[in-house]
Amino acid sequence: MNKKIALWGILILAFALLPLFIKSNYLLGVLIVIGLYTIIVIGLGILMGYAGQVSFGHAAFFGMGSYTVAVLTTACHWPTIPALIASLILPGLVAAIIGGPTLKLRELYLALATLAFGILVHILFNELKGITGGPSGMTGIPYLSIGGLVFDRDIKFYYLVWVTVLLVSLAVHNLIHSRMGRAMRAIRESEHASETSGIDTAGLKLQAFVFSAVLAGLAGGLYAFYVTFVSPSPFGFHTSVQFVLMAVVGGLGTFWGPLLGAGLVVALGEVLRWAIPLVIPGAGGEYQIIFFGIILMLIMVIKPEGLGAITDLFKKPRVEEVQ
Amino acid sequence: MLLEINALTKHFGGVAAVKDVSFNVREGEIFALIGPNGAGKTTVFNLITGVLAPDTGTMVFMGRPLAGMKPHRIAAMGLTRTFQNLQLFGRMSVLENVMAGAHLKGKTGFLKSLARWPGSVAENKMIERDALKLLKEVGLEDQAGLYAAALPFGQQRLLEIARSMASNPRLVLLDEPAAGLNSAETKILAGYLKHLREQGKSMVLVEHDMETVMEVADRIMVLNFGESIGEGTPEVIQADPKVIKAYLGEDDQVA
Ligand SMILES: Nc1ncnc2c1ncn2[C@@H]1O[C@H](COP(=O)(O)OP(=O)(O)OP(=O)(O)O)[C@@H](O)[C@H]1O
Ligand SMILES: [Mg+2]
């Protein structure tokens, strides 16, 4: 227990002090994006790792959060806090509506349905020009202001995002160790046995889906306040795939998985963006996907449980204790 | 009457797995359902617990019809079960299996779980205490921290029964609880079932081990090719020529 608290303390301290050593705004920006993606992957990890459902459409909820903030703060002149709150609620509502019929589908069909949903929403971002501004997007989003505090610089945003990551992590830690978390893990192990234990498996899966959409919306809302400009391009199909990749690479059903997965995939994406043109002149972003594919395959072969499972090495092997 | 099953029928394709089956289960009794492999016993359980929908027939539990209800709603009414092919939560601890089985005892929802609501912590403590008590009853308290999948088979069966009891149900359907147990474990099981009946639990027992059935059952119904071919006390069933021919005659392991 004490060791755990010490580990948390060191990590929090490290994240708090990190900006003091980072002089480049580019690196700070990368860390902010990692934090935002971590929030999304935490939710996706709950959905995939605990409720056993996959979604290839979470970039849509991410985008809905961003557009909610953009539209409400610019066209509707809402204050920033209510707009941020709305960026959680709207994706959650949409997830609640589409989740009912969608989550009844099994594996591949669920993957396809969420994929189609993600593509549809992305098309809407492009086509609903009257609301979203179409492909050129929307500008003029104000800075987020909480109390008198205006988040007008990257360093402030860095702290805002990582404090949010911390709070979301604590909430999810609570969830996993609670009655509902136990029920979700039970569903993953046996749906029949869960039902006869009185667990509403369909209802709980829907709640996990809505929760993951709310987190994606939150990240989207924060993202809009960070870049103060939204356009459809960050919310496409490849972003959804990256989220799933982060969840899987990090390790499903592990506590540190989302952070590790988001960190690794974002960092790797940045390195590849710089390195690939050196090797293959004129190569575009599509090569990244190939490399990500190779990495995903390697992880699946070498450590199918994902990076987050590394912490298992420090745990007592309970399975072997028997006899 | 606790459970009233009336003219239950279920076809798979053209085959009648359950045909016009009727029986009642009284409060506080162990009602055994026996019959050769493929007789339709597990299918009857799947119909009662809402896993499958019957073609025709009615099922009434504590005066309320079960038709169209989802399994978790039926569980909430006080009717749980075990599975012939164990359905444990393998990668959860033995203790957590029973605590998950006690899901209905708690009220903490998703949002309160996220916030670690004060009441939810106390509730969890209560569920854990009750679960440990149940584990003690089946002799698994020393294994509480192990993964369920790591238990030997016999103990897995006992764990599943403990889990099915965790929500404090009125009626439990047990599907071949003695399958795979050695004779010592079977003795413990029979003792436990009788102990549960003394506590006022009602049970429907599907079991191939005739010694156990004859020892613990109050009444027995025999299924053959989906149809009931006899019902009565163990003494009556053991003496019924039809039953002996259909079941006892066919199945060597029974002798
Ligand atoms: N879901 C299903 N789909 C198709 N056929 C099924 C299904 N479930 C059971 N059956 C068939 O229904 C018949 C009754 O099966 P059931 O499992 O109820 O028998 P049982 O009495 O439990 O047998 P056992 O003693 O072997 O467990 C069998 O012929 C079986 O093949
Ligand atoms: Mg059976």
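The values are calculated or read from the model by the stated rules, or taken from the named source; none is laboratory data. All values reported here derive from a predicted model rather than from experimental measurement. Cβ: placed from backbone, ideal geometry, glycine included. Neighbour counts: every protein chain shown.
Quick one: in the stretch B:153-168, of everything that is farther than 14 Å from B:Ala178 by Cα and more than 12 Å from the chain's Cα centre (by Cα), which residue is surrounded by the most Cβ atoms within 10 Å (Cβ to Cβ)?
B:Ala166
Given the conditions (1) under 20 Å from B:Gly90 (Cα atoms); (2) more than 16 Å from ligand 1 (Cβ to nearest atom); (3) away from chain A (no Cβ under 11 Å); (4) at pLDDT 95 or above, report the number of the one that B:Leu174 does not fulfil.
Looking at each condition in turn, B:Leu174 falls short on (2).
Table: residues versus (1) within 16 Å of ligand 1 (Cβ to nearest atom); (2) within 12 Å of another protein chain (Cβ to nearest Cβ); (3) more than 20 Å from A:Glu189 (Cβ to Cβ).
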position: B:Glu160; (1), (2), (3): yes, yes, no
position: B:Arg163; (1), (2), (3): no, yes, no
position: B:Ala178; (1), (2), (3): yes, no, yes
position: B:Lys187; (1), (2), (3): no, no, yes
position: B:Lys194; (1), (2), (3): no, no, yes
position: B:Gly200; (1), (2), (3): no, no, yes
position: B:Met203; (1), (2), (3): no, no, yes
position: B:His208; (1), (2), (3): yes, no, yes
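Of these, A:Ser194, A:Ser190, which one is buried (at least 24 other Cβ atoms within 10 Å of the Cβ) and free of Cβ contacts under 8 Å to residues at least 12 places away in the same chain? Before the answer, list the steps.
Values: A:Ser190 fails: buried (at least 24 other Cβ atoms within 10 Å of the Cβ).
So the residue among A:Ser194, A:Ser190 that is buried (at least 24 other Cβ atoms within 10 Å of the Cβ) and free of Cβ contacts under 8 Å to residues at least 12 places away in the same chain is A:Ser194.
Out of all the residues in the stretch B:43-67, which are within 16 Å of ligand 2 (Cβ to nearest atom) and more than 12 Å from chain A (Cβ to nearest Cβ)? If you could, list the steps in order and put the result at the bottom.
We begin by selecting, within the stretch B:43-67, every residue within 16 Å of ligand 2 (Cβ to nearest atom); these are B:43-49, B:51-52.
Those that are within 16 Å of ligand 2 (Cβ to nearest atom) and more than 12 Å from chain A (Cβ to nearest Cβ): B:Thr43, B:Val44, B:Leu47.
Select the strands (runs of 3 or more DSSP E) contained entirely in the stretch B:131-236, then report the ones holding at least 1 residues which are among the aliphatic types (A, V, I, L, M) and more than 22 Å from B:Asn85 (Cα to Cα).
In the stretch B:131-236, B:219-224, B:227-232 are the strands (runs of 3 or more DSSP E) which contain 1 or more residues that are among the aliphatic types (A, V, I, L, M) and more than 22 Å from B:Asn85 (Cα to Cα).
Take the stretch B:68-96 and flag every residue that is among the polar types (S, T, N, Q), touching a Leu at 6+ places or on another chain (Cβ under 7 Å) and within 16 Å of ligand 2 (Cβ to nearest atom).
Selection gives B:Thr82 alone.
Return a yes/no flag: does the stretch A:64-85 have any residue that is within 24 Å of A:Leu252 (Cα to Cα) and either out of contact with any Pro (no Cβ under 7 Å at 6 or more places or on another chain) or not in a helix (DSSP H, G or I) (or both).
No, the stretch A:64-85 has no match at all.
In the stretch B:194-217, which residue that is of a type outside the set (Ser, Thr, Tyr) and touching a Gly at 6+ places or on another chain (Cβ under 7 Å) is farthest from ligand 2 (Cβ to nearest atom)?
In this case the residue turns out to be B:Gly200.
Quick test of your reading of the structure: B:Leu205 fulfils all but one of (1) of a type outside the set (D, E, K, R); (2) in contact (Cβ under 8 Å) with a residue 24 or more places away in the chain; (3) within 20 Å of B:Val98 (Cβ to Cβ). Name the failing condition by number.
Only one criterion in (1) of a type outside the set (D, E, K, R); (2) in contact (Cβ under 8 Å) with a residue 24 or more places away in the chain; (3) within 20 Å of B:Val98 (Cβ to Cβ) is unmet by B:Leu205, namely (3).
Please work out if A:Ala96 is in contact (Cβ under 8 Å) with a residue 40 or more places away in the chain, under 23 Å from A:Phe235 (Cα atoms) and buried (at least 21 other Cβ atoms within 10 Å of the Cβ).
So A:Ala96 does not fit the description; no.
Here is a check on your reading of the model: is A:Ile85 among the aliphatic types (A, V, I, L, M) and over 24 Å from A:Leu206 (Cα atoms)? If you could, list the steps in order and put the result at the bottom.
Values: among the aliphatic types (A, V, I, L, M): yes; over 24 Å from A:Leu206 (Cα atoms): no.
Taking the combined requirement at face value, the residue does not satisfy it.
Could you give every pair whose Cβ atoms fall below 6 Å, whose first residue belongs to the stretch A:143-168 and is in contact (Cβ under 8 Å) with a residue 40 or more places away in the chain, and whose second residue is exposed (fewer than 13 other Cβ atoms within 10 Å of the Cβ) and in a helix (DSSP H, G or I), counting only separations of at least 6 or pairs across chains?
Pairs found: A:Asp154/A:Asn25.
For the stretch A:168-200, enumerate the residues that are facing another protein chain (nearest Cβ under 7 Å), farther than 18 Å from B:Lys105 by Cβ and part of a helix (DSSP H, G or I).
A:Ala171, A:Asn174, A:Leu175, A:Glu189, A:His192
Please specify each residue of the stretch B:22-51 satisfying the condition of being more than 8 Å from ligand 1 (Cβ to nearest atom) and over 23 Å from A:Glu195 (Cβ atoms).
B:Ser22, B:Phe23, B:Asn24, B:Arg26, B:Glu27, B:Gly28, B:Glu29, B:Ile30, B:Ala32, B:Ile34
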